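**Q** Next up is a structure, given as structure tokens.
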Amino acid sequence: MDRHTKLLKEFSLKKTQAELLNKLRKSRKAIDTGKSGTFGYRLKQGTNAGKVLKHLKKTSDNI
């Protein structure tokens with residue numbers, strides 16, 4: 001019986017972890033890109049406020 005209880009506990013633990021990860025993924029907010037005329041993320045707070053991170057550019061070889 002110990003083998004079955006161990007398997008059930010492992011399955012239950014994996015399932016609860018998967019549910020938690022799904023909840024965390026769904027609760028994430030998307031960042032605004034392209035809002036201020038640039039296709040990057042503009043920092044809103046801190047010492048680097050106003051700087052744009054990660055410009056998204058497409059080159060001709062990517063098209």
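The values are calculated or read from the model by the stated rules, or taken from the named source; none is laboratory data. Remember, it's a predicted structure, so these values are computed and weren't measured experimentally. Methodologically, a virtual Cβ is constructed for each residue, glycine included, from the backbone with ideal geometry; neighbour enumeration extends over all protein chains shown.
**Q** Might you let me know whether region 48-55 holds any residue that is modelled with pLDDT of 75 or more, of a type in the set (D, E, K, R), part of a loop (DSSP other than H, G, I, E, B) and more than 17 Å from the chain's Cα centre (by Cα)? So that I can check it myself, show each step before the final result.
**A** Taking region 48-55 and keeping what is modelled with pLDDT of 75 or more, we get 48-53.
Next cut, of a type in the set (D, E, K, R) only: 51.
Of the ones still in play, those that are also part of a loop (DSSP other than H, G, I, E, B) are 51.
Restricting the remaining residues to those that are more than 17 Å from the chain's Cα centre (by Cα) gives 51.
Within region 48-55, one or more residues are modelled with pLDDT of 75 or more, of a type in the set (D, E, K, R), part of a loop (DSSP other than H, G, I, E, B) and more than 17 Å from the chain's Cα centre (by Cα).
**Q** When you scan region 21-36, do you find a residue that is modelled with pLDDT under 70 and touching a Ser or Thr at 6+ places or on another chain (Cβ under 9 Å), even just one? Working first, answer last.
**A** Kept after step one, since they are modelled with pLDDT under 70, are these residues of region 21-36: 30-36.
Narrowing further to those that are touching a Ser or Thr at 6+ places or on another chain (Cβ under 9 Å): none.
Within region 21-36 (the criterion being modelled with pLDDT under 70 and touching a Ser or Thr at 6+ places or on another chain (Cβ under 9 Å)), the answer is no, since none of the residues qualifies.
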